[in-house]
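For reference, the structure is listed below as structure tokens.
The values are calculated or read from the model by the stated rules, or taken from the named source; none is laboratory data. None of these values were measured; they are calculated from a predicted model. Here Cβ is always computed from backbone atoms with ideal geometry, including for glycine, and neighbour counts include all displayed protein chains. Each accessible area value is taken on the protein alone, full model and side chains, heavy atoms only, with ligands, DNA and RNA left out. Shrake-Rupley method; radii C 1.70, N 1.55, O 1.52, S 1.80 Å.
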Amino acid sequence: MTNGSIIRLENVSKYYIAEGKVVPALEKTDLTFASTGLVAIIGESGSGKTTLLNLIGGNLNPDSGFVYFGNKKIAELDDANREDYRKKQIGFIYQDFELIGHYTARENIMSALLLSGEKLETAKVKTEEVLHKVGLKGHADIKVCKLSAGQRQRVGIARVLARDTKIILADEPTANLDAENGKQIMELLRECANDHLIILVTHNLDQAKDYATRIIKMRKGRVEEDSAPCLLELIRIHTLPKNLITTNRLKIPLLPLLKWDMKSSAIQNILVLLFLAMAGLIMIFFYSTYYINSDETPAKIFQASAYQNSSMERIAVVRLDGEKISSRDLEWAKSLKYVETTDLYDTVADIRYYLEEGEDYEYDYLSGRLIKPLDETNYVRSASSLSEEDIYAGQMPEKENEIVICSEDETLLGKEYGSYLKLVIDSSDTFYYQKFKVTGLLKGNSGQAFFSNAFCDMLNAYYEGPNCKIHFFWNESTQTFGQIASALPQIDRNLNGNTVVTRKAYLSMFRNAIPKGECQFVCRYYSDLGNLISDRKVIDINVIEKDYTNSNEDIEVFTHVIPNGATLERVFINESSFPFIDVSEELFYSIYDTGSRQMSIYVEDYAYLDRVLKKINESGDYIAASTYRMSAKYFSDDLNVNRERLIAMSLFVLLITAGAIVFVVCMIYMIRKKEYLILNKLGMKPYLFQLITFTKLALLSFAAMFSIAIILIILYNIRTTLVLNYLKYLMIPQFVVCAILFLIAVALATYIYTRIIKKSFI
Ligand code: ADP
Ligand code: MG
């Protein structure tokens, strides 16, 4: 070190304005400091000591006069050089140490070095050197907040020594120490003064006398006494070393700083992680509440017009090319994810059946209707939904009058049920009666009966096939039939050819009783909209009449005594305004096609409906529609108000949760504000602080999302109903939306928090 003077004050004044009055902090002061030595500045409080240090340290500019560093005026340095001067030439030792309590001694020194632009490797070497020098080798890995006051000040000194600045400024460094520790620190400083200029503000004149090489006494902003005025020439400093002028931003190693930051705020980080995981879960549940309720359908009333069956899980599917549904179509549909079962005959799914007398229906003689449905929940399903393995006893239904039912009771095999089906034909209810024989049993207690494909094919024909009328009363002169009656052909396997059997009308049951003789079936084809789409098909038939009055085959005739004593007879066959007419299988299929053009797909849960619909419609071969949605057109006020409330509530909770994330994250990290201000004094730029905070919170958010995923997977696998009910509606895009909302909240928290802290940065 050249033995010249390094700092000179020339006629320096500094004024403050407090409460409208000018307060002279330093007045017309001339001082010169040699490049080494321990200079003690003493003086009463308010005499300008701190102001003097700040002027030398480049933190303040004089109001008049000049402060020189070598031959350079500090006030005239440009920003970069001034920063460089502060970073490379000036070290501060503070009364209250200004250390980061949660860093170890070594980390405190290392971070100061890194922030002043030192390379990691050199920083390590220097740190070990100074730790040794201040006698703290054995305490290097202890958190500073656990060290004694004396040890802390040693760390403070070590931190300055490590940076190896020419000038060390110390404002009351021993004020917070006991006499013994104070002495040791003074000894250490004295030692360092051999190759540094140390300017020390102190109250303790005795201490100063023992250790200082020079004592300057201040009074009211002026130098009152100077024990060893310095008269040396200023050292010539041509330029500040170029490579030190600007510290390349990117050269500051982020990783160790981030590591120490994460480590030192471990408890806050854990709190934030727990909070974020909780908030994230809350967000997912309320987002799914929102998402579930944004589907309007469940808030609408099902109107049994087009469809009777209000099953929410049913999808009706037709081929785009209008062809019949093949077994390949069924297999494809069955293979789709979330599909529980399929049924070749979709139109029959709107036909109600009443299987068991007394449970599903009872006779109602008084109302004028024969049967009174009791259980309106059962709809026809075909055996095409079943496979052999589903049947644990008996076999699949084959013939028109065979069914399988769900029951544990094997004695039911072979039992016959006299049953009704409610067909809606020409928009009026028609009860169709038949006896069904149980051929097989299914596990479970769904109460569902499955009818043979043959029977469903026949039912399906009424809906998909032509409209059938019988023309009778041949008029020779006009060569036309004089009367027309509606009729529904029904297969009777005992018949052959074009002979058709009608039943003798009992009472006035059949409105258009068809007489025996030569008649014609006239079949007209209508489109779905009711327009005639092709011409008629005419088949000559021979109608015979069968009188079942005295017969007990196949038919039951009941006589019931009604309360007033009169007797009412009812026949339990084809009780309908529509006459069903028995035809041979051959005739039936010359009128109707076999097979179905519309299949049903039943999804496992309404939650999956959209996914399956999308998949089918995207296939390009089919058109699919939810039968429930097509029939639920109008809102139920109650349900819809409830739906809208839930939407508003869940959006509100989402907002509150996002707000809570911002608030709680800011609050938790605000505890560390002081430490960031120290790091800032040591050279941490706002962008570096932002980068560290951002990285930290990004890591924590991803850790939180990962924990949430684990939690949800566990809850899902132990089949918690809460989770199943909510999660089943969510697909990847919904989780992505949740993640984005969550990350926005965290990003906002980071932004607000860093802004608040940065405001206090210098
Ligand atoms: P010392 O460190 O010797 O106690 P200071 O240098 O802190 O003295 O202060 C010198 C004078 O300047 C005091 O009168 C003080 O009140 C005033 N002063 C210091 N800093 C400010 C400030 N930022 N604003 C107004 N007055 C100040
Ligand atoms: Mg002071």
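Please go through (1) within 60 Å of the chain's Cα centre (by Cα); (2) modelled with pLDDT of 90 or more; (3) surrounded by 16 or more Cβ atoms within 10 Å (Cβ to Cβ); (4) within 14 Å of ligand 1 (Cβ to nearest atom) for GLN95 and return the number of the only condition it doesn't satisfy.
(2)
Run down ALA698, ALA704, ALA709, ALA747 and say which single residue is among the aliphatic types (A, V, I, L, M) and surrounded by 19 or more Cβ atoms within 10 Å (Cβ to Cβ). Spell out how you get there, then give the answer.
Working: ALA698 fails: surrounded by 19 or more Cβ atoms within 10 Å (Cβ to Cβ); ALA709 fails: surrounded by 19 or more Cβ atoms within 10 Å (Cβ to Cβ); ALA747 fails: surrounded by 19 or more Cβ atoms within 10 Å (Cβ to Cβ).
Exactly one residue qualifies, and that residue is ALA704.
Return the residue satisfying two criteria in turn: it lies in region 106-158 and is surrounded by fewer than 17 Cβ atoms within 10 Å (Cβ to Cβ) and hydrophobic (A, V, I, L, M, F, W, C), and of such residues it is farthest from ALA179 (Cα to Cα).
LEU120
Among the residues of region 516-539, is there at least one that is over 24 Å from ASP457 (Cα atoms), surrounded by 14 or more Cβ atoms within 10 Å (Cβ to Cβ) and modelled with pLDDT of 80 or more?
Within region 516-539, one or more residues are over 24 Å from ASP457 (Cα atoms), surrounded by 14 or more Cβ atoms within 10 Å (Cβ to Cβ) and modelled with pLDDT of 80 or more.
Given LEU60, LEU55, LEU131, LEU120, which one is more than 16 Å from ligand 1 (Cβ to nearest atom) and under 24 Å from GLU172 (Cα atoms)?
Numbers: LEU60 fails: more than 16 Å from ligand 1 (Cβ to nearest atom); LEU55 fails: more than 16 Å from ligand 1 (Cβ to nearest atom); LEU120 fails: under 24 Å from GLU172 (Cα atoms).
It is LEU131.
Yes/no matrix, rows are residues, columns are (1) surrounded by 13 or more Cβ atoms within 10 Å (Cβ to Cβ); (2) at pLDDT 90 or above; (3) touching a helix residue (DSSP H, G or I) at 6+ places or on another chain (Cβ under 9 Å):
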| site | (1), (2), (3) |
| --- | --- |
| TYR345 | yes, yes, yes |
| ALA349 | yes, yes, yes |
| ARG352 | yes, yes, no |
| TYR363 | yes, no, no |
| GLY368 | no, no, no |
| TYR379 | yes, yes, yes |
| LEU386 | yes, yes, no |
| ALA393 | yes, yes, yes |
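Pairs please, first residue from region 31-55 and without any contact (Cβ under 8 Å) to a residue 24 or more places away in the chain and under 16 Å from ARG8 (Cα atoms), second anywhere and open to solvent by 20 Å² or more (accessible area, probe 1.4 Å) and more than 9 Å from ligand 2 (Cβ to nearest atom), Cβ atoms under 6 Å, 6+ apart in sequence or on different chains.
Final answer for the pair search is ASN54/LEU60.
Just give me the residues in region 301-330 being touching a residue at least 12 places away in the same chain (Cβ under 8 Å) and in a helix (DSSP H, G or I), in sequence order.
Matches in region 301-330: ASP329, LEU330.
Which members of region 29-63 meet the condition of being open to solvent by less than 50 Å² (accessible area, probe 1.4 Å), part of a strand (DSSP E or B) and not hydrophobic (A, V, I, L, M, F, W, C)?
Residues of region 29-63 that are open to solvent by less than 50 Å² (accessible area, probe 1.4 Å), as a first pass: 29, 31-43, 47-49, 51-58, 60, 62.
Still in the running and part of a strand (DSSP E or B): 29, 31-34, 37-43.
Hits for region 29-63 are THR29, THR32, GLY37, GLY43.
Give the residues of region 409-421 that are open to solvent by 30 Å² or more (accessible area, probe 1.4 Å) and either touching an Asp or Glu at 6+ places or on another chain (Cβ under 7 Å) or among the small types (Gly, Ala, Ser) (or both), sorted by residue number. I'd like the intermediate steps shown before the answer.
So in region 409-421, the residues open to solvent by 30 Å² or more (accessible area, probe 1.4 Å) come out as 409-416.
Result: GLY414, single match.
Looking at GLU323, GLU340, GLU359, which is the one that is under 30 Å from LYS372 (Cβ atoms) and either modelled with pLDDT of 95 or more or acidic (Asp, Glu) (or both)?
Working: GLU323 fails: under 30 Å from LYS372 (Cβ atoms); GLU340 fails: under 30 Å from LYS372 (Cβ atoms).
The conditions single out GLU359.
Residues are listed down the side, and each one gets a yes or a no for (1) within 16 Å of ligand 2 (Cβ to nearest atom); (2) open to solvent by 60 Å² or more (accessible area, probe 1.4 Å); (3) modelled with pLDDT of 90 or more:
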position: ASP164; (1), (2), (3): no, yes, no
position: ALA170; (1), (2), (3): yes, no, yes
position: ASN176; (1), (2), (3): yes, yes, no
position: ALA179; (1), (2), (3): no, yes, no
position: GLU191; (1), (2), (3): no, yes, yes
position: VAL201; (1), (2), (3): yes, no, yes
position: LEU205; (1), (2), (3): yes, yes, no
position: ALA212; (1), (2), (3): no, no, yes
position: LYS217; (1), (2), (3): yes, yes, yes
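Condition check ((1) under 31 Å from the mean Cα position of the chain (by Cα); (2) open to solvent by 50 Å² or more (accessible area, probe 1.4 Å)) across all residues:
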{"position": "SER265", "(1), (2)": "yes, no"}
{"position": "VAL318", "(1), (2)": "no, no"}
{"position": "ASP321", "(1), (2)": "no, yes"}
{"position": "GLU340", "(1), (2)": "yes, yes"}
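Tell me, which residue of region 6-49 that is of a type in the set (A, V, I, L, M, F, W, C) and under 18 Å from TYR211 (Cβ atoms) is farthest from ligand 1 (Cβ to nearest atom)? Before you say what the answer is, go through the steps one by one.
Just the residues of region 6-49 that are of a type in the set (A, V, I, L, M, F, W, C), to begin with: 6-7, 9, 12, 17-18, 22-23, 25-26, 31, 33-34, 38-42.
Going one step further and asking which of them are under 18 Å from TYR211 (Cβ atoms), we end up with 33-34, 38-42.
Working: PHE33: 17, ALA34: 23, LEU38: 19, VAL39: 15, ALA40: 13, ILE41: 8, ILE42: 9 Å.
Out of the qualifying residues, it is ALA34.
Please pick out the residue among VAL144, VAL130 that is under 24 Å from ALA34 (Cβ atoms) and either of a type in the set (A, V, I, L, M, F, W, C) or in the same structural domain as PHE33 (by TED's automatic domain parsing) (or both). Explain how you work it out, then say what you get.
Values: VAL144 fails: under 24 Å from ALA34 (Cβ atoms).
One residue alone meets the criteria, VAL130.
Residue pairs, Cβ under 6 Å, 6 or more apart or interchain, first in region 84-110 and under 20 Å from ILE762 (Cα atoms) and in the same structural domain as LEU120 (by TED's automatic domain parsing), second open to solvent by less than 20 Å² (accessible area, probe 1.4 Å) and small (Gly, Ala, Ser). List them.
As it stands, the answer is TYR85/GLY58; ARG86/GLY58; LYS87/SER116; LYS87/GLY683; ILE90/GLY57; ILE93/GLY156; ILE93/ALA170; PHE97/GLY156, since those pairs meet every condition given.
Filter region 178-210 down to the residues that are in contact with a strand residue (DSSP E or B) (Cβ under 6 Å, 6 or more places away or on another chain) and not in a strand (DSSP E or B), then identify the one that is nearest to ILE56 (Cα to Cα). Please lay out each step first, then the result.
Start the filter on region 178-210 by keeping residues that are in contact with a strand residue (DSSP E or B) (Cβ under 6 Å, 6 or more places away or on another chain), which leaves 189-190, 193, 196-202, 205, 208.
Applying the additional criterion that residues be not in a strand (DSSP E or B) yields 189-190, 193, 196, 202, 205, 208.
Working: LEU189: 19, ARG190: 20, ALA193: 17, HIS196: 15, THR202: 17, LEU205: 22, ALA208: 20 Å.
Only one residue fits best here, namely HIS196.
Report those helices (runs of 4 or more DSSP H) wholly inside region 618-699 carrying at least 2 residues which are within 27 Å of the chain's Cα centre (by Cα). Let's see the steps before the verdict.
Values: elements: 627-631, 637-670, 673-681.
It comes to 637-670.
Can you tell which of GLY65, GLY20, GLY37 is more than 16 Å from ligand 2 (Cβ to nearest atom), in contact with an Asp or Glu (Cβ under 6 Å, 6 or more places away or on another chain) and either among the small types (Gly, Ala, Ser) or outside the structural domain of ASN81 (by TED's automatic domain parsing) (or both)? Steps first, answer last, please.
Details: GLY20 fails: in contact with an Asp or Glu (Cβ under 6 Å, 6 or more places away or on another chain); GLY37 fails: in contact with an Asp or Glu (Cβ under 6 Å, 6 or more places away or on another chain).
Answer to the selection: GLY65.
If you scan region 269-303, which residues turn out to be polar (S, T, N, Q) and either open to solvent by 40 Å² or more (accessible area, probe 1.4 Å) or at positive phi (or both)? Before the answer, list the steps.
Here is the first cut: in region 269-303, the ones polar (S, T, N, Q) are 269, 288-289, 293-294, 297, 303.
Residues satisfying the conditions are SER294, GLN303.
Which one is nearest to ligand 2 (Cβ to nearest atom) among residues in region 142-162 that are in a helix (DSSP H, G or I) and among the polar types (S, T, N, Q)? Show your work before the answer.
Looking only at region 142-162, we keep the residues that are in a helix (DSSP H, G or I), and these are 144-146, 149-162.
Going one step further and asking which of them are among the polar types (S, T, N, Q), we end up with 151, 153.
Details: GLN151: 24, GLN153: 17 Å.
Restricting to residues being in a helix (DSSP H, G or I) and among the polar types (S, T, N, Q), the top hit is GLN153.
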